[in-house]
Amino acid sequence: MSQMPRSTALSRCPSCEEPLESGDLYCGACGYDLSVVPAPPSDPPTLTMNGTVPRPSSEEPPVDWPAAPPAGGPQAPAPVHLPTDLPGTDLGGAEPPGTPAGRGVRFDRPAEPDDYHLASPQHSTPPEQGGPPSQPVDPRTAVPPTPPAGTKVCVACRAGTVDSDGYCENCGHAQPRERDHLEQELGAVAAVSDRGLRHHRNEDAFAVSSTALPDGSPAVVAVVCDGVSSATRPDDASLAASRAASEALLDALPRGTHPQQAMHDAIVAASHAVNSLAAEPETAQEHAPHQNAPACTLVGAVVTASLLVVGWVGDSRAYWVPVDRAAPPARLTEDDSWAAQMVAAGLMSEAEAYADERAHAITGWLGADAYELDPHTASFKPDRPGVVVVCTDGLWNYAEAAEEMAEVVPLDAGLRPLHAARVLLGHALDGGGHDNVTVAVLPFPALPQGAGSA
């Protein structure tokens with residue numbers, strides 16, 4: 001069959017790209033013979049994936065498919081198995097319990113729940129003690145078992161026990177130290193000590209007590225000590241000094257020793273107690289090899305029916321505040337400090353001295369490295385009732401003048417000394433609480449309370 005010219009289905013000339021019209025046999029622009037353009041294939045070509053050019057379909061030999069062998073014959077292929085037809089086994093080779101006969105891998109498992117139910121706390125007798133098996137316990141709501149008697153429990157998680165370093169063995173929370181806040185009241189005297197808002201521990205200490213003089217009249221004692229923070233073991237120093245001074249007063253006063261002499265001897269006893277700490281191994285271990293001697297300040301007061309005695313070393317203070325606020329209050333002690341020395345020597349006014357950054361540098365303290373022990377004592381005979389405020393600088397820094405202290409002391413301090421001590425502590429904390437705060441309040445005159453000590 002001869003090839004006949006075909007009408008083109010092209011829209012543009014393959015040679016010059018000139019637009020064509022339907023039925024053109026030659027390009028009107030360049031004269032190209034459109035009949036030589038092959039007709040487009042009816043199906044898209046097969047793409048090769050191995051780099052060889054596929055053979056034209058007309059050249060491919062026909063496929064000679066073999067006849068399938070009869071079913072059940074020796075040449076029959078193995079039957080096709082579905083996943084559900086495969087038998088399932090456990091690690092030991094046995095069929096898992098609950099698997100239906102003839103079934104293996106299962107695809108009909110129930111849908112997983114969106115939430116899981118937690119068992120409620122159950123506390124039963126342990127199996128080893130004859131009780132039923134223990135049940136799961138929700139740790140969020142479980143009530144921890146009662147710890148053995150004498151065991152300290154964490155204040156944060158209320159489940160873990162506290163180790164010797166003061167930390168919870170369960171959650172690691174640091175526990176409040178016993179001395180962070182202390183209060184004591186004996187009726188005729190009360191004291192409060194607090195860590196304050198800036199310090200990591202309380203380095204103050206106090207001791208309050210009451211006893212009877214040989215004639216049976218009462219005597220009330222308060223000793224307040226402030227550990228020197230730059231020294232080693234300042235908290236131990238203040239505690240040792242307050243206890244030693246209180247014990248010395250309680251021993252001397254009932255024997256008839258004059259209160260002022262008893263106070264002097266008590267300060268000496270406190271000094272010896274602090275000095276002895278410098279020889280203990282704990283001092284060398286805390287900051288070795290840069291350790292120094294433990295040190296503290298001390299202020300004490302003895303109130304009887306007619307006499308008021310104070311004694312001190314350092315910059316802790318005692319104030320007198322009369323019940324009749326029309327009468328003037330007074331500061332009963334003079335600081336062992338740089339500022340006090342400048343004022344006493346006439347080199348500075350009190351305002352100038354206490355405005356200096358060296359004002360609170362102490363020049364006297366209790367400790368093995370003190371220059372010399374110089375106990376100060378003073379005796380007073382007030383002509384009217386009032387209260388004695390014995391405190392560390394953690395309080396008087398916020399009420400330095402006697403008039404300022406009198407404004408803070410409640411009017412009923414003589415009847416409610418513990419309440420007054422709490423009010424004074426609150427005043428210091430409201431002012432910033434930059435230091436440890438310790439204050440004791442003693443009403444004057446001392447009222448019969450019965451002999452005893454604490």
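All of the numbers you see were taken from the coordinates with simple rules; none came from a lab. Just so it is clear, the model here is predicted, and its values are computed rather than measured. For neighbour counting, all protein chains shown are included, and Cβ atoms are generated from backbone atoms with ideal geometry for every residue, glycine included.
Here the dipole of region 336-454 is about 660 debye; that uses its Cα centre as origin and unit charges on the Cβ of Lys and Arg (positive) and Asp and Glu (negative). Rounded, prolate or oblate: pick one for region 303-388, where a ≥ b ≥ c are the square roots of the eigenvalues of its C-alpha gyration tensor, a/c under 1.5 means rounded, and failing that, prolate if a/b is larger than b/c, else oblate. Oblate, because a/c is 1.5 or more while a/b does not exceed b/c. In summary, the convex hull built on the alpha carbon positions of region 236-301 has an orientation-averaged projected area of 4.4 nm². Over the C-alpha trace of region 184-298, radius of gyration and Dmax come out as 15.7, 53 angstrom. In terms of overall dimensions, the C-alpha atoms belonging to region 275-350 reach 55, 39, 17 Å along their principal axes, ordered largest to smallest.
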